[in-house]
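Read the structure below first, then the notes.
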């Protein structure tokens, strides 16, 4: 039977959405063993957006509020510093970039699995597995530790999902999974430094930042 999210007409969107999240969190192995690789992709991307983007936006708002407090401290220091980072960089751009990085990571994993001959579920299977593995992102609504818990749980579930959907050996999947993550982290760190240098170069002069 397809996931509840793909049967919205039976129970309604809210019941289907939260029912799918519960199914993934309560019995992930069974869920992904029963998940068909050839099912619809658009619905899964919608599910992925709903589970990940809102918590990312909330985190962006919190980060922006924290930065404003830091700016107030810095401008009242003996040697005041002035710099600004627009709110939309945290609330709009950052969440979209984070979601895009998740998609890029999944694409890279699929390409590597394909190159190694272990992408049995096809590209649809990869995106369906990755999309439903985003269910733990719902914990991002919890303050302080929610994003960390959700992110770690998502990573574990995505590994389980891809292994089930592609029937790939653990070693091969681990290699395909970690290489893009390391590459994206390096690129993301470089992008942040470049962006800060363009928007607020004074921030790079804060002691301990370099």
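Read-outs: derived from the displayed coordinates by stated rules, not from any lab. Every value quoted in this text rests on a predicted model; they were computed, and no experiment measured them. Counting neighbours? That spans all protein chains shown, and the Cβs are built from the backbone with ideal geometry, glycine included.
Describe numerically, in nm with one decimal, the distance between label points set 7 Å from Cα along Cα→Cβ at residue 148 and at residue 53.
Distance between label points: 2.8 nm.
With a cut-off of 8 Å between alpha carbons and a minimum separation of six or more residues, what is the relative contact order of segment 81-178 in percent?
29
Please work out how much length the chain gains when fully extended from residue 26 to residue 123, using 0.36 nm per residue of separation minus the C-alpha to C-alpha distance, in nm with one decimal.
32.3 nm
Pairs of Cα atoms under 8 Å, at least six residues apart: use those to get the relative contact order of segment 4-205, whole percent.
28
Between residue 187 and residue 88, how many nm apart are label points set 7 Å from Cα along the C-beta direction?
Using points 7 Å along Cα→Cβ, the separation is 2.4 nm.
Take residue 179 and residue 96, extend 7 Å from each Cα along the Cα→Cβ direction, and tell me the distance between the two endpoints in nm.
Rounded to a tenth, the inter-label distance reads 3.1 nm.
What FRET efficiency comes out for residue 114 versus residue 69 if R0 is 35 angstrom and r is the Cβ-Cβ distance? Round to the nearest 0.05.
Between residue 114 and residue 69 the formula returns 0.15.
Stretch residue 1-residue 15 to full length: gain in nm at 0.36 nm per residue minus the Cα-Cα span?
Between residue 1 and residue 15, full extension yields 3.4 nm more.
At a 10 angstrom cut-off on C-beta neighbours, averaged per residue, how do the peptides 102-111, 166-175 rank from highest to lowest?
102-111, 166-175
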